[in-house]
1. Could you give the size of the charge dipole of the chain about its Cα centre, using +1 on the Cβ of each K and R and -1 on the Cβ of each D and E, expressed in debye and rounded to the nearest 20?
2. May I ask what percent, to the nearest 5, of DSSP beta bridges between residues of the chain are antiparallel?
3. Taking only C-alpha pairs under 8 Å that are 6+ residues apart, what is the relative contact order of segment 23-115 in percent?
4. Can you give me the % of accessible surface on segment 1-92 that is carbon or sulfur? Probe 1.4 Å, all protein chains present, nothing else counted.
5. Mind checking which lysines have their Cα closer than 22 Å to the Cα of Lys75? Skip sequence neighbours fewer than 8 apart in that chain.
6. Whole number in Å², please: accessible area per residue of segment 4-115, 1.4 Å probe, ligands, DNA and RNA not counted.
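The values are calculated or read from the model by the stated rules, or taken from the named source; none is laboratory data. Keep in mind that what you see is a predicted model, and the values were worked out from it rather than measured. Every residue, glycine among them, receives a Cβ derived from its backbone with ideal geometry; neighbour counts consider all protein chains shown. With ligands, DNA and RNA removed, areas are computed over all heavy atoms of the protein, side chains included. Shrake-Rupley method; radii C 1.70, N 1.55, O 1.52, S 1.80 Å.
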Amino acid sequence: QVQVVESGGGSVQAGGSLRLLCTASGSIRKIEVMGWFRRVSGKKRDLVAQINSDGATRYADSVKGRFTISRDNAKNTVYLQMNSLKAEDTDIYYCNVGEFSGNYWGQGTQVTVSS
């Protein structure tokens, strides 16, 4: 089993910055991909940013140029630097870890941006 724990959420004014962290632990063989999702509407979680083991990244159009994803493979940790935050970025952000044994989610961390 793999445990996923997020941290770094909080409240900030529009234009501000936050940095999210997510660490995977447990029975880890190889983490292929790490990413951040948020639940914009309904029950579907939308991709915010994703990074593969080779460093390739992918971003939602709405966050390109404002958010940066990075990872430390030695620490099984992924970071999401969020700059120029907007009110519409308010949501619960979930970390997703794609490991050899399966796909794992964290419990989520709240990000609130006030305008």
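1. Numbers: 14 positive and 10 negative charges, 16 e Å.
The calculated dipole for the chain is roughly 80 debye.
2. Details: 42 of 46 bridges.
Roughly 90 percent of the DSSP beta bridges within the chain come out antiparallel.
3. Details: 174 pairs, mean separation 28.3, N = 93.
Relative contact order of segment 23-115: 30 percent.
4. Numbers: 2300 of 4970 Å².
On segment 1-92, the fraction of accessible area on carbon and sulfur atoms equals 46 percent.
5. Here the lysines satisfying the reach criterion relative to Lys75 are Lys30.
6. On the way: 5740 Å² over 112 residues.
Ligands and nucleic acids excluded, the figure is 51 Å² per residue.
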